[in-house]
C-alpha cells in the first residue's frame, strides 16, 4: 500500500533502551522488512522520558506506560501491536529484609517514575506510601544503601534482584491476576491521531511485520536486543523477552483490552487518574 504525496514520510518512533522493545523493533532497525515508503527515526529514551514527551505529542509513534494513556488519549490512538503484557508476573517490590506489603504503608519506596504502570499498580495495592522517584536503574542501589525501605523494580531487575541479595515483597503482576483474573498491560505503543487513520494503519503494519520477523529470526533479534540488556546473560535475556514479547504483542486481545478498562476504572475510582479514556485502537492492515 503506497503513500499519498501529502503523507509525512518521516516517522519518529520512541522506544525504550530495553530488550523487549529492541527485539520488536529489530527488523525495522536492520532494514529487514518493507517500510511502506516511510523513513523511521528511532528515538531511544527511558519510559518515563517517553511518557513526558508524549504529553506534548512530540513523536509520531511512541512506547508509553499504559497508565499514561488517560492523559494522552486526546492526541494518540493505541496501536494493537507492540504492547508489553504480563501474564501473572510484572513489576516487583523488593527490600533488603523480609517484609509484608502491609509493613510498607507510610514508608519510603523508590519508584521508577510516577507515570509508569508499575507506580499506578503500587498505589492501588498499597495506597499510603511515600514515593521517592528516581531512574529505574538506581532503584536497587537505593534499597541496598538503606535510602528507602523498599524499591519498585522493572525491566531485567525483575529477574536479577536476588543476585544483589534483595528479597521480594510483592509481585504486582501476580497481585493483579489475583485481583482481576486478567493479563496485565504494562506498556503500549501509541500513534498520533494527526497522521490520520489510513497512515496510522500502515505504520502499525510495519511494526507488526517487524515483530513477526523477530519471531521468525529469534537468534538474530536476540543478539540485537542484548545490546540493551545491561549485562544480562543469554538465558535471562531470552527469558525476559519471552515474558513481554508474546501473542499480546501481536493482537492486544479482548482480555487485555478488558484489563486496560478495569485498570483505568479502578485508578479513577481511587483518584489516581483524571478520567477513564475510551480505548481507540489502530489495527494493522490485514494480510491476504
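The numbers here are math on the coordinates, done by the rules we state, and not lab data. This one's a predicted model, so the numbers in the text were calculated from it and none came from an experiment. So basically every Cβ, Gly included, is an ideal-geometry build from the backbone, and we count neighbours across all protein chains shown.
Pairs of Cα atoms nearer than 8 Å and 6+ residues apart set the relative contact order; for the chain it is 30 percent.
Working from Cα positions, state the angle (0 to 90°, nearest 10) between the long axis of helix 234-244 and the longest principal axis of the chain. Its long axis makes an angle of about 80 degrees.
Given in Å, the Rg to one decimal and the Dmax to the nearest whole number for the Cα atoms of the chain are 18.6, 62. By the helix-only formula, in which each DSSP H run with n ≥ 4 contributes -39500 (n - 2.57) and the sum is divided by residues, the chain has a 222 nm mean residue ellipticity of -11000 deg cm²/dmol.
Please arrange 237, 56 by counting, for each residue, the other beta carbons lying within 10 Å of its beta carbon, fewest first. It would help to have the intermediate numbers written out before the result.
Working: 237 21, 56 8.
So the ranking, lowest neighbour count to highest, is 56, 237.
If a spin label sat at a point 7 angstrom from the Cα of residue 9 along the line to its beta carbon, the backbone N atoms of region 19-43 nearer than 15 Å would be those of 35-41. Distance between the 7 Å Cα→Cβ label points at residue 178 and residue 30: 4.1 nm.
Global dimensions of region 92-180 from alpha-carbon coordinates: Rg and Dmax equal 11.5, 35 Å. Sorting 219, 18, 209, 75 by the number of Cβ atoms found within 10 Å of their own Cβ, with the fewest placed first, yields 219, 75, 209, 18. Working from label points 7 Å from Cα in the Cα-to-Cβ sense, the residue 56 to residue 217 distance is 3.6 nm. Computed extension gain for residue 261 through residue 138, at 0.36 nm per residue and net of the alpha carbon distance, reaches 41.1 nm. Springs between Cα atoms under 10 Å define the GNM used for the chain, and in it the highest mean-square fluctuation of 257, 227, 208 occurs at 227.
Each principal axis of the Cα atoms in region 1-87 has its own extent, and those three values, largest first, are 34, 28, 22 angstrom.
Modelled this way, with points 7 Å down the Cα-to-C-beta line, the labels at residue 227 and residue 97 are 4.5 nm from one another. For the pair residue 253 and residue 198, the difference between a 0.36 nm per residue extended length and the Cα-Cα distance amounts to 17.6 nm. Using the Cα coordinates of region 149-218, the gyration tensor eigenvalues translate into equivalent-ellipsoid semi-axes of 34, 17, 13 Å, sorted from longest to shortest.
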